[in-house]
Amino acid sequence: MGSNLGELLVQEKLLDKEQLKEVQDFQKKNDVSTGTAVVSLGYISEEDMAQALSRQLGYPYINLDQFEVYPDVISLIPVEIAKKYLIMPIHRIRSFLTLAMVDPTDLDVIEDIRFRTGLSIQPVIASETGITNAIKKYYGSSDSLRVKQIVDEIEQAEDTTVNIIEEDEEDYDIEELVHSTEEAPIITLVNTVFIDAIKKGASDVHFEPYEKAFRVRYRLDGTLYEMMNLAMKFKNPVISRVKILSNMDIAEKRLPQDGRIKMRIKLENGNKKEVDMRVSSVPTIFGEKVVVRILDKSMLKLNMEELGFEKESLELFKQGIKRPWGIVLVTGPTGSGKTNTLYSAISTINSMEKNIMTAEDPVEFYIPGINQVNIRDEIGLNFSTSLRSFLRQDPDIMLVGEMRDFETVDIAIKAALTGHLVFSTVHTNDAASTITRLVNMNVETFLVADSVFMIVAQRLVRRLCKKCRAKHNLTTETLVDIGYTAKEAPKVKAYKPVGCNVCHNTGYKGRVGLFEVMEVSDEIKDIILAKAHSKEIKKKAIEQGMITLRRSGLLKIKEGITSIEEVLRETVRDTEV
């Protein structure tokens with residue numbers, strides 16, 4: 001017995017005999033299913049394959065996103081079997097089990113499941129992505145399963161230790177709330193959520209209360225994913241537990257608060273990891289939303305070669321940060337990796353002979369040999385105050401977390417013009433528009449031209465999972481439309497995400513930077529002094545060899561590092577700016 005999927009696809013004229021041979025070779029070499037091999041080689045899309053099977057075999061094709069599967073059905077098949085065979089139990093009626101399969105021609109799998117469950121199997125067809133997403137949603141990781149078990153145990157207990165706290169601020173009992181957050185189930189639940197997030201490599205955990213739901217989401221590789229929906233009775237105890245851990249005032253629910261947690265966890269390999277967490281709470285109409293930012297030192301890349309710079313851009317940036325004075329600005333939206341780039345730069349030039357001082361809001365990672373100051377606006381310790389004090393500390397290099405007002409920019413420029421190297425960040429769309437932003441902050445153009453010598457714009461895009469990425473067949477016209485030249489477009493081999501157990505079925509694993517490094521040359525200084533538009537500055541920089549954000553993305557598509565969708569999401573065509 002076994003699978004006849006390949007022969008069926010040949011009958012449907014979706015594969016020829018030669019392609020089938022390649023599929024079989026790929027399958028044996030990579031130890032994957034026939035369906036995975038076909039999609040990975042880019043011969044057929046998942047959708048086309050599923051529809052073809054449905055026509056040939058007469059089994060219905062279903063979209064798993066439109067189904068709600070009950071726990072008693074999920075429990076019929078262990079998670080390791082579901083992952084091994086790429087199957088998903090959907091529905092049970094008496095002695096019949098409806099089973100979603102990528103390859104319903106695999107009679108060995110059907111027989112195995114029939115033997116394991118004692119039920120008659122009724123196959124339906126679903127895409128591989130649909131099944132892997134369903135497995136992730138309903139089974140999750142071992143830590144996710146532990147969370148679900150804890151929730152079930154609490155909800156099934158006759159005398160629950162979780163107290164429902166009324167929304168009326170004047171009526172709730174602080175002692176009762178503290179007691180509820182110290183109960184073992186709530187402590188275990190919160191700890192397990194954090195451990196699961198850290199093991200998955202999440203950068204943030206969101207606890208979000210809504211009218212009839214309490215949602216928990218993780219940010220993985222820059223994208224938010226819903227991990228669980230808890231009953232409303234967990235809202236106040238869970239949020240209060242997080243606030244207690246981060247030394248916040250649990251009695252204050254009307255104002256935003258900030259806190260910090262330091263956690264040590266034991267990994268599966270026996271090693272221990274210390275993780276810092278920055279916690280922020282904001283009152284919403286349905287209660288407090290809490291966001292926990294996970295600062296994992298193991299995720300920090302201080303080697304600039306690993307950040308994603310193109311060779312030419314990296315060489316230019318390395319030369320720039322070795323200058324004795326001037327301003328280097330890194331620009332991009334929140335979460336674009338600016339802090340990592342700045343830390344990499346100052347770590348590269350950090351030495352015993354240099355006095356390096358930083359003002360950050362907050363200090364995210366501690367770097368030996370560098371004097372780091374936490375900004376505290378509530379006591380008047382802001383960026384401008386810190387910079388002034390730095391100038392009396394005999395500094396060689398200064399890092400200012402952000403240039404957000406004229407006073408900070410003014411002090412930074414004066415420091416740069418008096419022999420100091422200054423690093424900072426600005427929130428702008430690209431390198432050229434940073435000049436316009438500084439001028440809009442009432443800085444004289446001649447001061448900008450004389451002090452700023454390098455601007456780095458950056459974005460983060462997700463890396464394609466190397467194990468499951470598949471060829472993305474695109475027309476030459478499409479590739480030219482996104483920015484490739486007519487000459488290079490036919491040679492581009494693009495890839496798209498698929499999803500597997502290595503990448504949590506997202507198709508992506510990790511992130512990489514897109515960089516635009518603009519050196520302020522004498523010609524660009526003249527354009528700045530003439531108060532020209534940012535388009536003219538960018539045009540001149542491109543003429544001088546600057547690799548733009550879009551071009552950086554196109555090069556990474558060509559190298560198979562990221563997908564077209566990621567680059568289009570984070571950049572614009574250079575003719576559109």
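The values are calculated or read from the model by the stated rules, or taken from the named source; none is laboratory data. Keep in mind the model is a prediction, meaning the values are calculated, not measured. Cβ sites come from the backbone with ideal geometry, for glycine too, and all protein chains shown count toward neighbours. Just so you know, the surface numbers come from the protein's heavy atoms only, side chains and all, with ligands and any DNA or RNA stripped out. Shrake-Rupley method; radii C 1.70, N 1.55, O 1.52, S 1.80 Å.
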Computed magnitude of the charge dipole of the chain (debye, nearest 20; Cβ of K, R +1, Cβ of D, E -1): 1900 debye
Hey, if we sort 466, 233 by accessible area with the 1.4 Å probe, largest down, what's the order? 466, 233
Residue order for 472, 427 - accessible surface, 1.4 angstrom probe, largest first: 427, 472
Beyond 29 Å, what share of the Cα-Cα pairs of the chain remains, rounded to the nearest whole percent? 64 percent
So which GluC sites (Glu not before Pro) in the stretch 1-73 are both in a DSSP loop and have at most 10 other Cβ atoms within 10 Å of their Cβ? 68
Gyration tensor (Cα only) of the stretch 328-434 to equivalent ellipsoid, semi-axes in Å sorted down, yields 19, 17, 15
How charged is the neighbourhood of residue 409? Take every other residue with its Cβ under 14 Å from the Cβ of residue 409, and add Lys/Arg as +1 and Asp/Glu as -1. -2
Estimated [θ] at 222 nm from DSSP helical runs (n ≥ 4, -39500 (n - 2.57)) normalised by residues in the chain, nearest 500: -11500 deg cm²/dmol
Considering only the other residues whose Cβ falls under 11 Å of the Cβ of residue 337, what net charge follows from Lys and Arg at +1 and Asp and Glu at -1? +4
Volume in Å³ per residue [convex hull over Cα atoms, computed for the stretch 1-63]: 91 Å³
Which of the GluC sites (Glu not before Pro) found in the stretch 511-571 are in a DSSP loop and have at most 13 neighbouring Cβ atoms, other than their own, within 10 Å? 559
Furthest towards positive pole of dipole, 73, 355, 282, structure part the chain, Cβ charges: 355
Taking the DSSP beta bridges in the chain as the whole, what percent of them are antiparallel, to the nearest 5? 65 percent
So how long is each side of the stretch 248-318 along the principal axes, counting just the alpha-carbon atoms, biggest first, in Å? 53, 35, 17
With N residues in the stretch 511-559, what two-decimal value do you get for its Cα radius of gyration over 2.2 N^0.38 Å? 1.31
For the stretch 338-355, in residue order, the Karplus 3J(HN,Hα) values (coefficients 6.51, -1.76, 1.60; θ = phi - 60°; whole Hz; Gly and Pro = x) are 4, 4, 4, 5, 5, 4, 4, 5, 6, 5, 5, 9, 5, 8, 4, 7, 10, 9
Each label sits 7 Å from Cα toward the beta-carbon; between residue 559 and residue 211 the label points are separated, in nm, by 4.9 nm
Roughly how many nanometres apart are two label points built 7 Å out from the Cα toward the Cβ at residue 388 and residue 254? 3.4 nm
In order through the stretch 454-467: 3J(HN,Hα) via Karplus (6.51 cos²θ - 1.76 cosθ + 1.60), integer Hz, x for Gly, Pro: 7, 10, 10, 9, 8, 9, 10, 10, 7, 7, 5, 5, 5, 6
Can you give the FRET efficiency to the nearest 0.05 for residue 24 and residue 355, using r as the Cβ-Cβ distance and R₀ = 45 Å? 0.10
Using the Cα centre as the reference, give the magnitude of the dipole from point charges on the C-beta atoms of the stretch 1-56 (Lys, Arg: +1; Asp, Glu: -1; all else neutral), rounded to the nearest 20 debye. 140 debye
Spherically averaged projected area in nm², based on the convex hull that wraps the Cα atoms of the stretch 415-538: 10.9 nm²
Cα→Cβ-extended label distance, 7 Å offset, between residue 262 and residue 80, nm: 3.9 nm
Given a 1.4 Å probe, how much area per residue of the chain is accessible, in Å²? 49 Å²
Amide H of residue 511: which non-local residues (sequence gap of 5 or more, or other chain) have their own amide H closer than 5 Å, using H built in the peptide plane? 463
In the neighborhood of residue 538, defined by Cβ-to-Cβ distances under 10 Å, what is the net charge if each Lys or Arg adds +1 and each Asp or Glu adds -1? -2
Of all accessible surface on the chain at a 1.4 Å probe, what whole percent is carbon and sulfur? 49 percent
Work out the FRET efficiency for residue 325 and residue 544 from their Cβ-Cβ distance, taking R0 = 22 Å, and round it to the nearest 0.05. 0.50
Using a Förster distance of 35 Å, how high is the FRET efficiency between residue 70 and residue 12, based on the Cβ-Cβ distance and rounded to 0.05? 0.50
Rounded to whole angstrom, the alpha-carbon centroid of the stretch 328-342 lies from that of the stretch 18-78 at a distance of 41 Å
Students often check this: by mean Cβ neighbours within 10 Å, which of 395-402, 364-371, 489-496 ranks highest, and how do the rest follow? 395-402, 489-496, 364-371
